[in-house]
1. Being out of contact with any Pro (no Cβ under 9 Å at 6 or more places or on another chain) and at pLDDT 80 or above is the filter here, so list the residues in the range 19-29 that pass it.
2. Look at S432 and say whether it is within 22 Å of the chain's Cα centre (by Cα) and under 26 Å from A39 (Cβ atoms).
3. If you check R453, R420, which single one turns out to be surrounded by fewer than 24 Cβ atoms within 10 Å (Cβ to Cβ) and in contact with a Lys or Arg (Cβ under 7 Å, 6 or more places away or on another chain)?
4. Is there any pair with a first residue in the range 122-145 that is crowded, with 19+ Cβ neighbours inside 10 Å and a second that is in a helix (DSSP H, G or I) and of a type in the set (S, T, N, Q) whose Cβ atoms are under 7 Å apart and which are 6 or more apart or on different chains, and what are they?
5. Which condition number does G439 fail, the rest of (1) within 19 Å of the chain's Cα centre (by Cα); (2) farther than 15 Å from E263 by Cβ being met?
6. Working only within the range 264-299, note down all residues that are without any contact (Cβ under 8 Å) to a residue 12 or more places away in the chain and buried (at least 24 other Cβ atoms within 10 Å of the Cβ).
7. Under 8 Å by Cβ, and 6 or more places apart or on different chains, what pairs join a residue from the range 413-440 that is without any contact (Cβ under 8 Å) to a residue 40 or more places away in the chain with one that is among the polar types (S, T, N, Q)?
8. Could you check the range 146-163 and list, in sequence order, the residues that are surrounded by fewer than 18 Cβ atoms within 10 Å (Cβ to Cβ) and touching a residue at least 40 places away in the same chain (Cβ under 8 Å)?
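The values are calculated or read from the model by the stated rules, or taken from the named source; none is laboratory data. All of these numbers come straight from a predicted model, not from anything done at the bench. Note that each Cβ is placed from the backbone with ideal geometry, even for glycine, and that neighbours are counted across all protein chains shown.
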Amino acid sequence: MEQDSFQLLGYLLALVQAVGVVAAAHAVFTVRTAQGAIAWAISLLFMPYLTLLPYLVFGRSRFDAYIQARRQADLQMHRAMAELDWRPWVAEAQAARGSEASQNLQVLARLGRQPPLANNQVLLLIDGQVAFAAIFEAIAQAREVVLVQFFIVRDDHLGRRLQSLLLERAANGVQVFFLYDRVGCHALPRHYVQHLREGGVAVHAFSAAARSGLLNRFQLNFRNHRKLVVVDGLRGFLGGLNVGDEYLGGNPHLSPWRDTHVELSGPVLACLQESFAEDWFWVTRELPPLLLPEGYPGGEVLCLLVSSGPADAQETGSLQFVAAINAARRRIWLASPYFVPDESVFAALRLAVLRGLEVRLLLPARADHRVVYAASSLYAFEALEAGIRVFRYQPGFMHQKVLLIDDDTAAVGSANLDNRSFRLNFELTLFSVDPAFAGTVECMLQEDFSRSRELDQEESRRMHRLNRLGMRVARLISPIL
């Protein structure tokens, strides 16, 4: 009997190995990027017992049905919006194209399919306490419509504060629309959502398979990583923060949590509402109410909102960074929790150093995902060898996604510097051209650098070979992280 069990186990292992070979061939022919195809193929050939199940869940690339369905839904949504006389401020934006920085935005505008819009106000919100205080204060003053979208929502103290506030506004006649990602909120209890729904909040989960007709109900790759709030079409918020106590420093291992959000006012809120409308229309086939106030308080910031996702005709998530880096003339400061760049972004950074620019990279010193941290560490040392100054933020986990170009252009959003944000996630990034706001971002990053430890070449040389081997294995699978 024992011999039969071993024989059966041998057959099973051989079957898994054979299926791994078939899956590796499938990956070579179907995965969209060369890096991802290589990573999947090698791992399936040599580690099928560990990677076959993840590939069946995450790696299946029969995404054409979804992409076509999403593009068709976006087209239907924009047709429905055509009657709203949307984007009434484009003429003002056309008049604001004089500077070299604003000219650079035109590339991003064509890439992101949104116009750069002038006369906005942008306020930097540093860390969760400040950001959520502003968000909650704006929602509490809502009179007509509140749009809320987050990747992660927890049923904890902060999550229940948001829930209570949305229910209070709905009870007072405000139309409240709440969209959360099904994967990011996998741990969110059903009763949290049900309580919102019973209280009059229109609430839905975003899922790639929501309307695409995909047979694969376990397809988890396409996640909506955007975080935005719009109140009455007058005040908007976006950035890196999700809804959970850890974003206020509630996780002792990662505390204090370092993050950045922005508050917006002005014509760019039309584009922010349009981004929400695309995702809401995908799930419901209905448009949420979109508000166009008669006027805004005067502002001086030129803004461009770039919404990126897997259904884009171009690889918007990656190319927006390449375009911004290539436009720099003096310096590039980048803050990201995950530095696992593709070849195009890494090449643009290396070429920027060769052009004589000051290139700085701010990364966390603590890991929230160990495999990603290991892969990121190897890229960090390679960046150091290329002449990029690399800093590790010391006080706690750094989660902000911020880019500073020269003295006038800054970007804040949800996109990380990794393959998932480049090609798989739905992301949202605000680019702004304004010396005063860029100066505020510079001061913030200078403070972050002062609390960081700069890496040096000697640290790389002292690294144990086993650590370096682990980093290389992590990098091997980095395109599928």
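1. Step one: list which residues in the range 19-29 are out of contact with any Pro (no Cβ under 9 Å at 6 or more places or on another chain), which gives 22, 25-29.
V22, A25 - these are the residues of the range 19-29 that are out of contact with any Pro (no Cβ under 9 Å at 6 or more places or on another chain) and at pLDDT 80 or above.
2. Details: within 22 Å of the chain's Cα centre (by Cα): yes; under 26 Å from A39 (Cβ atoms): no.
No: the conditions fail for S432.
3. On the way: R420 fails: in contact with a Lys or Arg (Cβ under 7 Å, 6 or more places away or on another chain).
Every option except R453 fails the conditions.
4. Final answer for the pair search is L124/T440.
5. If we test G439 against (1) within 19 Å of the chain's Cα centre (by Cα); (2) farther than 15 Å from E263 by Cβ, just (1) comes out false.
6. So in the range 264-299, the residues without any contact (Cβ under 8 Å) to a residue 12 or more places away in the chain come out as 286, 294-295.
Selection gives nothing.
7. From residues that are without any contact (Cβ under 8 Å) to a residue 40 or more places away in the chain, the pairs are A438/T409; A438/S432.
8. D156, H157
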